[in-house]
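A.B. asks: Take a look at the following structure, please.
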């Protein structure tokens, strides 16, 4: 309903690659350019932040182990500026690192070595996430929580809340099925377009969402966990 | 025979010691009491007999005295019987019919020869003291003292002392139980700490101040755990470093390979062939590294969470470009399993991969739950697995015989050993069976999928 089948050819997305390993950066740039992206590469978080401020890319790929400012801090600073989709591409597959990177504000986490086809699929999914999904409905109301899908706005008790695209899309998926439990796997498929993915993505994003829309994120009333099942948005 | 536990042995020792002590004390007290009571009684009876002897001697001084009348005048109480043998005739009171037989022959002979004596006998089960006195060459006096009450008293005393001995032995056992419990308590905290370490908590330590007597054990235990934690941390860091150092160049290789692959038409034939080999081998190398790293950390416990096994199996089947209809529909058993999702996913993927490589493709995937144990079965119609190979097929780097030719896109040789590791992480196992109608059936059993 939303995607133009020829978007891939018609629209060349800008990708910023922040990677200190010259060979990895060069190879990723070559491969992504082959996939049709316009790619810029920098070797440090400082350069990446400057480049993103000077000329914003549509998506940022970031490594975690960077000289100087590390990947986690880089994600936090990028996130402070805007809601640009951030994908971590790291050789670290430790749970702590994955959760910390997602909590810092990353939208997705890929462990090296990632196949270019897979990386490209993730970037496309991220781009689609930015688009409105519920064109038919103008406003969804859950108590004092208002969702305006077309405007891409969320208000809690009348005050607007800034959500990233992934958080917004996650909230919309839950809002589309009021009172219904969605499993982590369902959310992974619908929001991240993973067939089989890491459920920590969902959990951390739910946590981030709660911090923004709940009065007390440790005692959630709106976005509730159904033990052993998944999540639902309480009516 | 199994050796009894330390605790049982200590309790038994305490009980045996207490029993030996209390039994010998009881025995000695009984014997002392008994001999002193009997000696007292003997003296009293002797005195009474001497008194009676004087009366009878005096009464029989005249001619033709009435022995029976004399006997009747004696105050003998309830326990004493008096017999007089005079000129071969035995006189006794009518009321004492059995008394005559009570006098032992040896005593009678002694008395008839002019002597006197005392002898312990048992009459109708009752102990008695027989005293014989020669009053004159033709007259003998016998007195029989039945010790019925005394016997009863001694019997009661024996009972009481026996009971006391048994009670003391039981108390000894109780003391042993208490003492071992008290002594073993610090050992229990050692056991708890060791269990915690087994379960992966390497921060468990013993408090050296808690039990000064066990200071050496505490110190060496804590030292051992420190060592273990250091080694564990070193291993973990090494695995993380290896992981990082292998993954980084692989990323460059994977991305560059994709560029080569995309431009293969622009390459001349020889270069394209070589590039194709590089691309394929990089893929294989990548899965080998993935499997090796997975294997290196597969000794961690399974992280169980509820999973819909059939939906997962269908997705994995689709992911391998197979018909999801291979997954047999769920019966009415548990629709959700408590398993480690990632591990179950790999079990399914590796078994399917194995069936594709060595079994001509899977023909059925079954997930059932029998008595709380999840059972994953993948069937193929291939040549099956020879009994000789069944023992080694789950070892690392063992590849199927059908792949002996080592054609293109061979597996890593780690897939089935990963399946075995994942099953083990759930406390289960994997076996290979003959499929009815030909082919192999791999069965993974995962206990505890239903809480």
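A.B. asks: Could you compute Rg(Cα) / (2.2 N^0.38 Å) for the range B:302-446, with N its residue count?
C.D. replies: 0.98
A.B. asks: Angle check, please: helix B:215-262 long axis (alpha carbons) against the longest principal axis of chain B (alpha carbons), in degrees 0 to 90, nearest 10.
C.D. replies: Around 20 degrees separate the two axes.
A.B. asks: Still on this structure, please answer the following. Give me the distance between the Cα centres of the range A:16-32 and the range A:136-168, rounded to whole Å.
C.D. replies: Using only Cα atoms, the two centres lie 37 Å from each other.
A.B. asks: Here is a further query. Can you show me the helix-derived [θ] at 222 nm for chain B, built from DSSP H runs with n ≥ 4 at -39,500 (n - 2.57) apiece and divided by the number of residues, rounded to the nearest 500.
C.D. replies: It lands at -19000 deg cm²/dmol.
A.B. asks: For the peptides B:288-300, B:3-15, what is the packing order when you average, over each peptide's residues, the other Cβ atoms within 10 Å and list the highest mean first? List each step's numbers first, then the result.
C.D. replies: On the way: B:288-300: 16.1, B:3-15: 14.5.
Highest-to-lowest ranking by the protection proxy: B:288-300, B:3-15.
A.B. asks: So how tilted is helix B:415-425 from the main axis of chain B? Cα-based, degrees 0 to 90, rounded to 10.
C.D. replies: Taking the Cα atoms of chain B, the angle to B:415-425 is about 40 degrees.
A.B. asks: Based on the mean of other beta carbon atoms within 10 Å per residue, what is the order of B:302-309, B:203-210, A:48-55, most packed first?
C.D. replies: In descending order of packing, they fall as B:302-309, A:48-55, B:203-210.
A.B. asks: Can you put B:24, A:43, B:287 in order of Cβ neighbours within 10 angstrom, beginning with the fewest?
C.D. replies: Fewest to most other Cβ atoms nearby, the residues stand as B:24, B:287, A:43.
A.B. asks: Relative to the longest principal Cα axis of chain A, at what angle does helix A:116-129 sit, 0 to 90 degrees, rounded to 10?
C.D. replies: Relative to chain A, helix A:116-129 is tipped by roughly 40 degrees.
A.B. asks: Given springs between every Cα pair under 10 Å in a Gaussian network model of chain A, which of A:83, A:144, A:108 has the largest fluctuation?
C.D. replies: Highest fluctuation among the options: A:144.
A.B. asks: Out of every Cα-Cα pair in the protein assembly as shown, what percent are more than 49 Å apart?
C.D. replies: 46
A.B. asks: If you don't mind, there's one more thing I want to ask. If you consider only alpha-carbon coordinates, what radius of gyration and Dmax does chain A have, in Å?
C.D. replies: Gyration radius and largest Cα-Cα distance of chain A: 17.7, 52 Å.
A.B. asks: A follow-up question, please. Can you tell me how much longer the chain between residue B:43 and residue B:203 gets when fully stretched, taken as 0.36 nm per residue apart minus their C-alpha distance, in nm with one decimal? Don't skip to the end; give the middle numbers.
C.D. replies: On the way: separation 160, 0.36 × 160 = 57.60 nm, distance 8.09 nm.
Difference between extended and current length: 49.5 nm.
A.B. asks: Report the Rg/Rh value for the range A:47-121, based on alpha-carbon coordinates and the Kirkwood definition of Rh.
C.D. replies: Rounded to two decimals, Rg over Rh is 0.94.
A.B. asks: Rounded to the nearest 500, what is chain A's calculated 222 nm mean residue ellipticity when only DSSP H runs of at least 4 contribute -39500 (n - 2.57) each, over all residues?
C.D. replies: Numbers: 9 runs with 92 residues, N = 235.
When only DSSP H runs of four or more count, the value is -11500 deg cm²/dmol.
A.B. asks: Turning to a different aspect of this structure: Order of A:110, B:273, B:446 from fewest to most other C-beta atoms within 10 Å?
C.D. replies: B:273, A:110, B:446
A.B. asks: In peptide A:17-24, how many Cβ atoms from other protein chains are near each Cβ within 10 Å, on average?
C.D. replies: Numbers: counts 0, 0, 2, 0, 4, 1, 7, 10.
For this peptide, the per-residue mean of nearby foreign Cβ atoms is 3.
A.B. asks: So how do A:192, B:177, B:159 line up by other beta-carbon neighbours within 10 Å, fewest first?
C.D. replies: Fewest to most other Cβ atoms nearby, the residues stand as B:159, B:177, A:192.
Any read-out appearing in this document is the output of simple, stated calculations on the displayed coordinates, not a laboratory observation. Owing to the predicted nature of the structure, the values given are computational and were not obtained by experimental measurement. Positions of Cβ are generated from backbone atoms using ideal geometry, with glycine treated the same way; all protein chains shown enter the neighbour counts.
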